[in-house]
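> Could you have a look at this structure, given as structure tokens, before my questions?
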Amino acid sequence: MPSAATQAPVPAVHVDEARHWDRLMQMARLGAIPGEGVNRAALSDLDHQARRLLLSWGAELGLASSVDALGNLFLRHEGTDPTLAPLLAGSHMDSQPKGGRFDGIWGVLAALDAVQAIRKAGLATRRAIEIVAWTNEEGGRFAPGCMGSMAFSGHSPPNTWDDTRDREGLRFGDELARLLAAESDIPRRKLGFTPFAYIEPHIEQGPLLEAGGLDIGVVTGIQGSRWFLVEIAGKTDHAGTAPLSLRQDAVQDMLRAITALNALMADPTDVLRFTVGRIEVEPNSSNTVADLARFSIDFRHPDAAILTERGDAIPATIQSAMTTCRATVRETFHALPARFDPMVQDAVEAAALDLGLKPRRLPSGAFHDAQFLVPVCPSGMIFIPSRNGISHHPAEYSSPTQVANGTRVLALTLLRLASM
């Protein structure tokens, strides 16, 4: 087998920019929405179609497919030594309700095209390389996100989210069973294993690379995240007849709770991230006092101590803000900050430099499946620039050259690590 050192640039030459872009655009048509966006919810029929399209491309390359109990989808390029742990690379295929064409799906297709480039170059790898598409990373339909990688890594039992429902009342467990039944022709594999390493390519979802005129982000880690669901129960009354002093108005107590949370989360350094992104009110009538207000909390910080201290203070802060209503606070997601392995960071940076690209080491503000692989194996991520830092929006964009460059870096990184 030619050494990775002497053949380093070869797989990059075989990354076909036009083919890679065409695959991205074919995927973007599955769930296309106005403004060049994508709405492809996890476990939906559109998700099924996207998975079948990926499988068809893998079959053309002779890659073996398999699926586990959480619907995580794998395509395997064999290595020359079957006794070695495989190298894992990929991302996710689901999107936000008003998402873009690159978030997640680019990472899966980058892994596919990187493996294709290695094979086309005629280079063997000692280790197998497995391309993975994780189930429900976004959490846009079924919260929280990263269910597939959390179950794979042992972070959470695989039946944890069976009773989680989407806005139409459909259960995650039932929709997962529907997916697996539709893919009964795909070999089933055991949930979880220990890879040699994991690499996740992704758009930056931020402005730093573009602002710095840089090509590649070598991701150092991911800040911690805690999600909560808050329900405030009051009493329905007539808006025209019920005196304010006698009301149990869920909306008014919700506003008091959010105001108190804003004070709790105040951060003069502007490092902390606190978001109330989803609000539901019942009965949602303009002339009726609301008897139920429900809202989400997304709290993030790179310091585990701050994440723990302020996150733990959220329930008491909400309860102290109540005047006439009752509040229930439930934590739905908790992930401590993650630090990526130096071996993976060094391999990505070296690949970028060998290809004449300009890299920068930087942390990720968004959470990703890679966060849950950190306790399992050496893990890391490759970022490419996002135009204006936009993501989770139809205007999300990375150029054909940027996505191809990221795939070239991935191909070279995979070749080197899979040759160890």
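The values are calculated or read from the model by the stated rules, or taken from the named source; none is laboratory data. Here the structure is a predicted model, which is why all the values come from computation and not from measurement. Neighbour counts are summed over all protein chains in view; Cβ atoms, including those assigned to glycine, are modelled from backbone coordinates with ideal geometry.
> Of the residues in the range 57-77, how many are crowded, with 21+ Cβ neighbours inside 10 Å and under 18 Å from Thr194 (Cβ atoms)?
Matching residues across the range 57-77 total 4.
Results for (1) under 14 Å from Asp103 (Cα atoms); (2) surrounded by 24 or more Cβ atoms within 10 Å (Cβ to Cβ), shown as yes or no for each residue.
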residue	(1), (2)
Met381	yes, yes
Ile390	yes, no
Glu396	yes, yes
Thr407	no, yes
Met420	no, no
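> Can you say whether Ser149 is within 12 Å of the chain's Cα centre (by Cα), in a helix (DSSP H, G or I) and among the hydroxyl-bearing types (Ser, Thr, Tyr), as far as the supplied structure shows? Steps first, please.
Numbers: within 12 Å of the chain's Cα centre (by Cα): yes; in a helix (DSSP H, G or I): yes; among the hydroxyl-bearing types (Ser, Thr, Tyr): yes.
Spelling it out, Ser149 is indeed within 12 Å of the chain's Cα centre (by Cα), in a helix (DSSP H, G or I) and among the hydroxyl-bearing types (Ser, Thr, Tyr).
> For the range 367-384, what are the residues that are assigned to a loop (DSSP other than H, G, I, E, B), over 16 Å from Leu191 (Cβ atoms) and within 9 Å of the chain's Cα centre (by Cα)?
Phe367, His368 - these are the residues of the range 367-384 that are assigned to a loop (DSSP other than H, G, I, E, B), over 16 Å from Leu191 (Cβ atoms) and within 9 Å of the chain's Cα centre (by Cα).
> Follow-up question, since we're still on this one. Any residue in the range 307-316 that is acidic (Asp, Glu) and surrounded by 15 or more Cβ atoms within 10 Å (Cβ to Cβ)? Quick ask: steps written out before the conclusion?
At the first step, the residues of the range 307-316 found to be acidic (Asp, Glu) are 309, 312.
Checking the rest, the ones that are also surrounded by 15 or more Cβ atoms within 10 Å (Cβ to Cβ) come to none.
No, there is no match, as no residue in the range 307-316 is acidic (Asp, Glu) and surrounded by 15 or more Cβ atoms within 10 Å (Cβ to Cβ).
> Is the range 199-215 home to any residue that is touching a residue at least 60 places away in the same chain (Cβ under 8 Å), closer than 26 Å to Leu84 by Cβ and in a loop (DSSP other than H, G, I, E, B)?
Looking for residues that are touching a residue at least 60 places away in the same chain (Cβ under 8 Å), closer than 26 Å to Leu84 by Cβ and in a loop (DSSP other than H, G, I, E, B), one finds none in the range 199-215, hence no.
> Also, quick follow-up: Sort out which residues of the range 251-263 are touching a strand residue (DSSP E or B) at 6+ places or on another chain (Cβ under 6 Å) and closer than 23 Å to Asp312 by Cα, and write them in order of number. Show your work before the answer.
Going through the range 251-263, the residues touching a strand residue (DSSP E or B) at 6+ places or on another chain (Cβ under 6 Å) turn out to be 251, 253-254.
Hits for the range 251-263 are Asp253, Met254.
> Any residue in the range 238-261 that's not assigned by TED's automatic domain parsing to the domain that holds Asn287: show its pairings with residues that are surrounded by fewer than 19 Cβ atoms within 10 Å (Cβ to Cβ) and basic (Lys, Arg) at Cβ separation under 9 Å, as long as the two are six or more apart or on different chains.
Every condition considered, no pair remains.
> Kindly provide the set of residues from the range 170-214 that are hydrophobic (A, V, I, L, M, F, W, C) and either closer than 22 Å to Ile382 by Cβ or in contact with a Ser or Thr (Cβ under 9 Å, 6 or more places away or on another chain) (or both), ordered by number.
Just the residues of the range 170-214 that are hydrophobic (A, V, I, L, M, F, W, C), to begin with: 170, 172, 176-177, 179-182, 186, 191, 193, 196-197, 199, 203, 208-209, 211, 214.
Selection gives Phe172, Leu176, Leu179, Ile186, Phe196, Ala197, Ile199, Ile203, Leu208, Leu209, Ala211, Leu214.
> I've got another one for you. List the pairs whose first member sits in the range 147-159 and is closer than 15 Å to His334 by Cβ, whose second member is among the acidic types (Asp, Glu) and in a loop (DSSP other than H, G, I, E, B), and whose Cβ atoms are under 6 Å apart, counting only residues at least 6 apart or on separate chains?
Ser149/Asp369
> Condition first: at pLDDT 95 or above and surrounded by fewer than 18 Cβ atoms within 10 Å (Cβ to Cβ). Now tell me which residues in the range 3-27 satisfy that.
Listed by number, the residues that qualify are Asp16, Glu17, Ala18, Arg19, Trp21, Asp22, Met25, Gln26.
> Would you mention how many residues in the range 262-298 are without any contact (Cβ under 8 Å) to a residue 60 or more places away in the chain, surrounded by 14 or more Cβ atoms within 10 Å (Cβ to Cβ) and closer than 22 Å to Thr324 by Cβ?
The first filter runs over the range 262-298 and keeps only residues without any contact (Cβ under 8 Å) to a residue 60 or more places away in the chain, leaving 262-272, 274-291.
Among the residues that remain, those that are also surrounded by 14 or more Cβ atoms within 10 Å (Cβ to Cβ) are: 264-265, 272, 274, 276, 281-282, 288-291.
Right, trim to closer than 22 Å to Thr324 by Cβ and you get 264, 276, 281-282, 288-291.
Qualifying residue count, the range 262-298: 8.
> For the range 201-223, indicate whether the set of residues that are among the hydroxyl-bearing types (Ser, Thr, Tyr) and either over 30 Å from Ala304 (Cβ atoms) or surrounded by 21 or more Cβ atoms within 10 Å (Cβ to Cβ) (or both) is non-empty. Show your work before the answer.
Of the range 201-223, the ones among the hydroxyl-bearing types (Ser, Thr, Tyr) are 220.
Filter once more, keeping what is either over 30 Å from Ala304 (Cβ atoms) or surrounded by 21 or more Cβ atoms within 10 Å (Cβ to Cβ) (or both): none.
Checked against the condition, which is being among the hydroxyl-bearing types (Ser, Thr, Tyr) and either over 30 Å from Ala304 (Cβ atoms) or surrounded by 21 or more Cβ atoms within 10 Å (Cβ to Cβ) (or both), the range 201-223 yields no hits at all.
> From Ala177, Ala182, grab the single residue that is more than 29 Å from Arg416 (Cβ to Cβ), without any contact (Cβ under 8 Å) to a residue 24 or more places away in the chain, of a type outside the set (Phe, Trp, Tyr) and surrounded by fewer than 23 Cβ atoms within 10 Å (Cβ to Cβ). Break it down into steps so the answer makes sense when it comes.
Details: Ala182 fails: without any contact (Cβ under 8 Å) to a residue 24 or more places away in the chain.
Matching residue, one of Ala177, Ala182: Ala177.
> Test Leu355 against the criterion of being crowded, with 16+ Cβ neighbours inside 10 Å, modelled with pLDDT of 95 or more and within 21 Å of Gly212 (Cβ to Cβ), and give yes or no.
yes
> Do the conditions hold for Leu412, that is, is it assigned to a helix (DSSP H, G or I) and of a type outside the set (Phe, Trp, Tyr)? Outline the logic, then answer.
Details: assigned to a helix (DSSP H, G or I): yes; of a type outside the set (Phe, Trp, Tyr): yes.
When the stated conditions are applied, Leu412 passes them.
> Can you confirm whether the range 78-86 contains a residue that is buried (at least 24 other Cβ atoms within 10 Å of the Cβ) and in contact (Cβ under 8 Å) with a residue 12 or more places away in the chain? Full working, then the answer.
Residues of the range 78-86 that are buried (at least 24 other Cβ atoms within 10 Å of the Cβ), as a first pass: none.
No: the range 78-86 contains no residue that is buried (at least 24 other Cβ atoms within 10 Å of the Cβ) and in contact (Cβ under 8 Å) with a residue 12 or more places away in the chain.
> Could you list, in sequence order, all residues of the range 229-251 that are out of contact with any Cys (no Cβ under 8 Å at 6 or more places or on another chain), buried (at least 16 other Cβ atoms within 10 Å of the Cβ) and in a helix (DSSP H, G or I)?
Val251
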